[in-house]
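Just below is one structure, and these are the notes that go with it.
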Amino acid sequence: MINSFSDLNLNSSIIEGLQKQGINIPTSIQANSILPALEGKDIIGEAFTGSGKTLAYLLPLFHKIDTSKREMQGLILAPTHELAKQIEDQIKLLAENSSFPITSLSIIGDVNINNQIKKLKEIKPHIIVGSTGRILDLIRKKKITAHTIKTIVIDEGDNLLDPKRSNVTKDIVKSTMRDRQLMLFSASIKPETLETAKSLMKEPIIIKSEDKPLINPNIEHMFILCERRDKFETLRKVLVAAKPEKAIIFVNNNEDIELTTAKLNYHSKDCFAMTGKISKEDRKLAIESFRTGKIKILVSSDVTARGLDVADITHVFHLDLPLKLNEYLHRSGRTARGNAHGTSICILTVQQLNIIKKYEREFNIQFKEKKVFGGVLEDANYNSSSKQYEQKNKSYSSKFNK
Ligand code: AMP
């Protein structure tokens, strides 16, 4: 039975880095794949988003990278720019927290290739994360040194090895040395994917995550409907009604974070704008002030809230919904730490109700619809909004079916 990361023979700096992120116990996919990955085995891992699959491949990759060499050693292929960015964020965070001098670069299409070539030369990243088309292009141009790549990870393998588009991924894999390690992870694995993966691998180990998507049962999930233009006003009223002792408001971009903070502070709230622009020192100071209660509300993006472990956050508000499904887990998990209870409130338009339904299905949770009435947060009539929602959906589908 594996209960800690030290049972997995990982370097102690990596384990300390994880602790700084509040990560202490391996998830099922991590417990089962890290040891064989460290032994260099090829792996096919079936694990849903939120199961910790990114760290399941990043931790052995970190452990194995020879930081004394300035050469490309790991390649992570992802089907979307957004996923590539998220993986790169996890690499940078872990490198910083574990003080491992690992360098990384994301290489995606739609970005000037000459700039990418320049950066590849300058940084000589240990890990490259990116989309397959551009990576293959750079391998063919000999700007990515395929022969130094020791490990390739295919994230969302069902997508990248889909018969319609698997050729690019296969060509990348084939351009590397025969003794490289190949790992593939995907939420579900179709029989065709399994066959293609096996044809590229040497006796792969197949692992399935045994975890169910887990969300802390001490979190109450709510949503409030409003028009898009009324989102801020709704947030302001909800804050008055919910009376959070300590809260994070999630907003997706820097400009809106600053604007929301400025507007809230005008109404004498103790808010701080945690944008990607603030320096490391200011970020540290802000977190300390948040911890001690000098700052009561952090307005933040997903990126700057990552790894934040503050004990007594009573509320999480989503002024913007997260861009990716499993970020909802991550965000709402900032509240209800330990045995505490917490509340997660989404402020959304009726068009976004389908996302709430997805959260309910994916994470097996129930949302309550609320409204603010007379300065108090009360139950709202779920049926009426569902009806509106269904009507909207009907009109959308009739449009598309024409
Ligand atoms: P993923 O499935 O890779 O998208 O990860 C989902 C989230 O779970 C990320 O925010 C990780 O930081 C977090 N996470 C990964 N492994 C663990 C762990 N062992 N314990 C707690 N959180 C984790």
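Regarding Lys85, is this residue open to solvent by 50 Å² or more (accessible area, probe 1.4 Å) and at pLDDT below 95?
On the way: open to solvent by 50 Å² or more (accessible area, probe 1.4 Å): yes; at pLDDT below 95: yes.
Spelling it out, Lys85 is indeed open to solvent by 50 Å² or more (accessible area, probe 1.4 Å) and at pLDDT below 95.
Name the single residue, out of those in the range 88-107 being in a loop (DSSP other than H, G, I, E, B) and modelled with pLDDT under 95, that is nearest to the ligand (Cβ to nearest atom).
So, considering only residues that are in a loop (DSSP other than H, G, I, E, B) and modelled with pLDDT under 95, the one nearest to the ligand (Cβ to nearest atom) is Phe100.
Of all the listed residues (Met183, Met222, Met177), the sole one being part of a loop (DSSP other than H, G, I, E, B), modelled with pLDDT of 95 or more and not polar (S, T, N, Q) is Met177.
Looking for whichever is aliphatic (A, V, I, L, M), touching a residue at least 24 places away in the same chain (Cβ under 8 Å) and over 26 Å from Val303 (Cβ atoms) here; the options are Ala241, Ala247, Ala187. Which one fits?
Working: Ala247 fails: over 26 Å from Val303 (Cβ atoms); Ala187 fails: over 26 Å from Val303 (Cβ atoms).
Only one candidate qualifies: Ala241.
Here the range 13-27 is the region considered, the condition is being in contact with a helix residue (DSSP H, G or I) (Cβ under 6 Å, 6 or more places away or on another chain) and more than 12 Å from the ligand (Cβ to nearest atom), and the residue that is least open to solvent (accessible area, probe 1.4 Å) is Ile14. The sole residue among Asp155, Asp179 that is open to solvent by less than 50 Å² (accessible area, probe 1.4 Å) and charged (D, E, K, R) is Asp155. Just so you know, in the range 28-60 the residues that are hydrophobic (A, V, I, L, M, F, W, C) and away from the ligand (no atom under 13 Å from the Cβ) include one that is surrounded by the most Cβ atoms within 10 Å (Cβ to Cβ), and it is Ala37.
Checking the range 108-116 against the condition returns a match, with at least one residue being in contact with a helix residue (DSSP H, G or I) (Cβ under 6 Å, 6 or more places away or on another chain), closer than 20 Å to Asp162 by Cα and part of a loop (DSSP other than H, G, I, E, B).
Would the range 270-291 turn up any residue that is more than 24 Å from Leu93 (Cα to Cα), open to solvent by 20 Å² or more (accessible area, probe 1.4 Å) and hydroxyl-bearing (Ser, Thr, Tyr)? For the range 270-291, residues more than 24 Å from Leu93 (Cα to Cα), open to solvent by 20 Å² or more (accessible area, probe 1.4 Å) and hydroxyl-bearing (Ser, Thr, Tyr): absent.
Filter the range 319-360 down to the residues that are away from the ligand (no atom under 16 Å from the Cβ) and of a type in the set (Gly, Ala, Ser), then identify the one that is nearest to the chain's Cα centre (by Cα). Restricting to residues being away from the ligand (no atom under 16 Å from the Cβ) and of a type in the set (Gly, Ala, Ser), the top hit is Gly342.
The values are calculated or read from the model by the stated rules, or taken from the named source; none is laboratory data. All values reported here derive from a predicted model rather than from experimental measurement. Neighbour counts are summed over all protein chains in view; Cβ atoms, including those assigned to glycine, are modelled from backbone coordinates with ideal geometry. Keep in mind that these areas ignore ligands, DNA and RNA; they rest on the heavy atoms of the full protein, side chains included. Shrake-Rupley method; radii C 1.70, N 1.55, O 1.52, S 1.80 Å.
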